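Rule-based calculations on the coordinates, nothing more; no lab input. Worth saying up front: this structure is predicted, and the values here are computed from it rather than measured. Methodologically, a virtual Cβ is constructed for each residue, glycine included, from the backbone with ideal geometry; neighbour enumeration extends over all protein chains shown.
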Amino acid sequence: MSNYYYVLEVIENYDDEEIIDDFKSKFKEGENISEDEFKMFCKNYIDDMSEMNEINKNWNYIKNNN
């Protein structure tokens, strides 16, 4: 089963239409998204590396629900 919808759920929690639109333009609906792809995408929207902890927690959520 694809993890696309769990990743989208996490991205929608940013509550920023620009980020959501960028996600939807980069990833095809229903496709599986790798951990590397997810983290690379999220890194585009963080101010500093201290936010990587949150990104890692989000990936664990996605992984555990897929």
Report task. Provide the net charge surrounding residue 33, with neighbours chosen by a C-beta distance below 15 Å and charges set as Lys +1, Arg +1, Asp -1, Glu -1. Result -> -2
Requested in this report: Figure the gain on full extension for residue 31 and residue 53 (residue separation times 0.36 nm, minus the Cα-Cα span) and round it to one decimal in nm.
Outcome: 5.4 nm
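First check a/c for the chain, with a ≥ b ≥ c the square roots of the eigenvalues of its C-alpha gyration tensor; if it is under 1.5, answer rounded, and if not, answer prolate when a/b is larger than b/c or oblate otherwise.
Values: a/c = 1.72, a/b = 1.17, b/c = 1.47.
In terms of gyration-tensor shape, oblate.
Relative contact order for the chain: what percent, with Cα pairs under 8 Å and sequence separation of 6 or more?
Details: 42 pairs, mean separation 30.5, N = 66.
Relative contact order comes out at 46 percent.
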